[in-house]
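Q: Here it is, the structure in full.
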Amino acid sequence: QVQLVESGGGLVQAGGSLRLSCGASGRTFSAYAMAWFRQAPGKERELVAGISGNSRLTRHADIVKGRFAISRDNAKNTVSLQMNSLKPEDTAVYYCAADLSYTVVLTVRARYWGQGTQVTVSS
């Protein structure tokens, strides 16, 4: 079982920045592709960004391209999401996900999930 714990959420003003982190425990971290999803009230979970085990592959949702960036540090068993130029519509609970498959981790069928961290962007 892989345990995922998100941190770094909070309240920020529009235009501000925030960096989310997800710490993982379990088997070799580098074997897992990782992703960030978010879910706003009344909405389905949506992919924000994903990254392969060796960081060679990344994907960012069109709505966050140029503003958000996913990265990972396999030595520290962490994956991060740098969020810049935040907008009120970015307000959501952000979830960390892990799966042995890069293609699967980009979907809501990812095997492992964290409990989420709230990000609120005020106008």
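The values are calculated or read from the model by the stated rules, or taken from the named source; none is laboratory data. These figures come from a predicted structure and were not determined experimentally. Using ideal geometry, Cβ is built from the backbone for each residue, glycine included, and neighbour counts are taken over all protein chains shown. Side chains included, ligands, DNA and RNA excluded: accessible areas come from the protein's heavy atoms. Shrake-Rupley method; radii C 1.70, N 1.55, O 1.52, S 1.80 Å.
Q: Can you give me the accessible area per residue for the chain, using a 1.4 Å probe, in Å²? Present the calculation step by step, with values, prior to reporting the outcome.
A: Working: 6410 Å² over 123 residues.
So the chain comes to 52 Å² accessible per residue, rounded to a whole number.
Q: For every other residue with a beta carbon closer than 15 angstrom to the beta carbon of Val104, add +1 if it is Lys or Arg and -1 if Asp or Glu, then tell me the sum.
A: Values: positive: Arg45, Arg59, Arg109, Arg111; negative: Asp99.
Taking every other residue near Val104 into account, the sum is +3.
Q: May I ask you to evaluate 6.51 cos²θ - 1.76 cosθ + 1.60, the Karplus curve with θ = phi - 60°, for each residue of the range 90-103 and list the ³J(HN,Hα) values in order in whole Hz, giving x for glycine and proline?
A: Working through the residues one at a time gives 7, 4, 4, 8, 9, 10, 9, 9, 9, 7, 5, 9, 5, 5 Hz.
Q: Further, regarding this structure: Loop only per DSSP, at most 15 neighbouring Cβ atoms within 10 Å: give me the trypsin sites (Lys or Arg not before Pro) in the range 1-104, ordered by residue number. Intermediate values should be presented prior to the final figure.
A: Numbers: sites: Arg19, Arg27, Arg38, Lys43, Arg45, Arg56, Arg59, Lys65, Arg67, Arg72, Lys76; in loops: Arg27, Lys43, Arg45, Arg56, Lys65, Arg67, Lys76.
Listed in order of number, the matching sites are Arg27, Lys43, Arg56, Lys65, Arg67, Lys76.
Q: Quick one: dipole size for the chain, taken about the Cα centre, charges +1 on Lys/Arg Cβ and -1 on Asp/Glu Cβ, in debye to the nearest 20. Each step should come with its number before you reach the end.
A: Numbers: 14 positive and 8 negative charges, 48 e Å.
Computed about the Cα centre, the dipole is about 240 debye.
Q: Restricting to DSSP H runs of at least four residues, report the calculated mean residue ellipticity at 222 nm for the chain, -39500 (n - 2.57) per run over all residues, nearest 500 deg cm²/dmol. Each step should come with its number before you reach the end.
A: Details: 1 runs with 4 residues, N = 123.
Rounded to the nearest 500, the figure is -500 deg cm²/dmol.
Q: Over the range 10-74, with every protein chain in place, what whole percent of the accessible area is carbon and sulfur at 1.4 Å, could you tell me? If you can, show how the numbers build up before the last one.
A: Values: 1590 of 3460 Å².
Result for the range 10-74: 46 percent of the exposed heavy-atom area is carbon or sulfur.
Q: Something else now. Any chance you could get the radius of gyration and Dmax over the Cα atoms of the chain, in Å?
A: Just the Cα atoms of the chain yield Rg and Dmax of 13.3, 42 Å.
Q: So what are the ³J(HN,Hα) numbers for the range 49-59, from phi and the Karplus equation (6.51, -1.76, 1.60; θ = phi - 60°), rounded to whole Hz, Gly and Pro as x?
A: Coupling constants for the range 49-59: 6, x, 8, 6, x, 9, 6, 6, 10, 9, 9 Hz.
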